[in-house]
Amino acid sequence: MTETNLTRRKFMAVSSAAIASPFVIKMTGTVTHSEAAAKENETKYNDMKSIVIYYSQTGNTKKIGQAIQKGITRQTGQCDLVRVKEITPAKLEKYDLIGIGAPTWSSCPSPIVIYFCKNLPPTLKGKHFFWYSTHGTMPGRCIIRGVQPLKEAGMTVIGWKDWYCGCKVPGHMKPWYTDGHPDEIDLAEAESFGEAMVEHSRIISDGETGIIPTLHSTETSDQIWGKGHPFVFMGAGQQSPAPDMDSNMEVEKMPYPLEIPTSMNYVCELEGMPNREGAKSQPGNELKINPDKCIRCGLCVKGCPCYNIDDSVFPYVFKTQDCEMCLFCEGICPTGAIEFEFRKPDQNAGKGDSGMADPGKGGGDISLQLELAEATGRFRRLTRREDVGPKTWEEVTGHPRHKELP
Ligand SMILES: Cc1cc2nc3c(=O)[nH]c(=O)nc-3n(C[C@H](O)[C@H](O)[C@H](O)COP(=O)(O)O)c2cc1C
Ligand code: SF4
Ligand code: SF4
């Protein structure tokens, strides 16, 4: 066996063990690189064309994507990195390895990324994909919901990984429990993940299909990442935390919408969650445009990840069904023309189990989930629990909160 083959065999033994675990890619298979090895890889893998496609609203998923790109580039000499809105699935034909990244919203990938995955053409079937997501305290079933559509579309999903990241979420306390992430260690891990995906892709292409990971069950996912909760906490008119939405969740049965744009109820209704449709239907969560303040700059329309703002009429109309209540539009509007009544922060927030602006069930779940994640080595706490809060993000930043389009 040549030295190169030996190295690859060794790597495969470690990484397939990691991949077989339901935790998937805990980065035990990190490849170390001397300059000589990098040079060798350059010639070894430079026929592989890769791309990472991501959506990012506050920068975390982009940062992790950049680090993955760096890792892949070290192995292959090339890796494109593009926002999901800047590419269509049909343009992926020329790539051998495709990474998809999304932030977690209500324990699901943000829908714009799922829409993309659901629209992958059959001509891509069998291509090597990997998935990554970033999240705050409640990852829930985000990985399953990201990987499953890729598998259903016939893609070969060769790995996945999630990262705890800080939160800039309206209604969430600042500092937040997960603030400080991604740090240098996370980014180094992301680089290694990128390298590992190249190695896996190459090994699988060589015929070692046994290392293609099996997607964990929802039960396993719930044990590791928790069930999550619907994100309905920031509106002033919201009377109570959402009822337990998890009892009927059956992700295996989850169909997805076939076209863009469509309702985010692809998750909620079908999984028995309360409807998070937002703007109109949840009293207190209404978004309104004040036509006297609107200067028609278009930033809200361009930035909305759900194609939810109809600017063919004035005042613009929120189409509601597709709204994720991410409040990006409200946060970027330079004149404050989009009005939203925020809930007052809970005075105990950050002191005990209540980390939200509402002392609902979310706080307690958050603490338990994070303690479990810490105990199992999946989470490194950089912000002390007693330091969480006391203000909400929108109180700390003032307005506008967003400076650029995601
Ligand atoms: C609308 C919205 C909903 C969110 N829901 C969750 C959630 O259910 N669980 C979680 O852990 N984090 C949640 N987050 C936090 C983000 O997943 C986390 O901050 C992520 O890293 C953001 O990525 P980005 O900076 O690339 O946008 C939510 C954020 C937003 C804006
Ligand atoms: S809150 Fe605003 S930006 Fe976010 S999905 Fe709804 S309309 Fe779009
Ligand atoms: S961002 Fe504000 S000012 Fe600009 S078009 Fe939207 S509502 Fe009008």
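The numbers here are math on the coordinates, done by the rules we state, and not lab data. All values reported here derive from a predicted model rather than from experimental measurement. Please note: Cβ atoms are built from the backbone with ideal geometry, for glycine as well, and neighbour counts cover all protein chains shown.
For each of CYS167, CYS297, count neighbouring Cβ atoms within 10 Å of the residue's Cβ, then give the residues from fewest to most. Before the final figure, lay out the partial values.
Details: CYS167 23, CYS297 13.
In order of increasing Cβ crowding within 10 Å: CYS297, CYS167.
The fewest-to-most ranking of VAL317, VAL113 by surrounding Cβ atoms within 10 Å reads VAL317, VAL113. When the alpha-carbon atoms of the stretch 75-178 are used, the pair Rg, Dmax equals 14.6, 46 angstrom.
Amide hydrogen proximity for TRP105: with H placed 1.01 Å from N in the peptide plane, the residues at 5 or more positions away or on another chain lying under 5 Å are SER110. Sorted into 10 angstrom bins from 0, the C-alpha pair distances of the stretch 134-221 split as 15, 36, 34, 13, 3 percent. By the beta-carbon count within 10 Å of each Cβ, the least crowded to most crowded order of LEU372, LEU120, fewest first, is LEU372, LEU120.
Database remark: amide H of THR178 closer than 5 angstrom to the amide H of CYS167 (H placed geometrically; neighbours at sequence offset of 5 or more, or on other chains; Pro and chain starts carry no H). Close amide-amide hydrogen proximity is noted between LYS288 and GLU339, each under 5 Å apart and 5 or more residues distant or on a separate chain (H modeled in the peptide plane; Pro and chain starts excluded).
Rounded to whole numbers, the Karplus 3J(HN,Hα) couplings from phi for the stretch 115-124 are 4, 4, 5, 6, 10, 5, x, x, 5, 8 Hz, using 6.51 cos²θ - 1.76 cosθ + 1.60 with θ = phi - 60°, and x at Gly and Pro. For the stretch 382-396, backbone phi angles converted through the Karplus equation (6.51, -1.76, 1.60; θ = phi - 60°) give residue-by-residue couplings of 10, 10, 5, 4, 6, 8, 5, x, x, 9, 7, 4, 5, 6, 5 Hz, Gly and Pro being listed as x. Coupling constants for the stretch 60-69 follow from the phi torsions by the Karplus curve (6.51 cos²θ - 1.76 cosθ + 1.60, θ = phi - 60°), and in residue order they are 5, 5, 5, 4, 5, x, 5, 5, 4, 4 Hz; glycine and proline get x.
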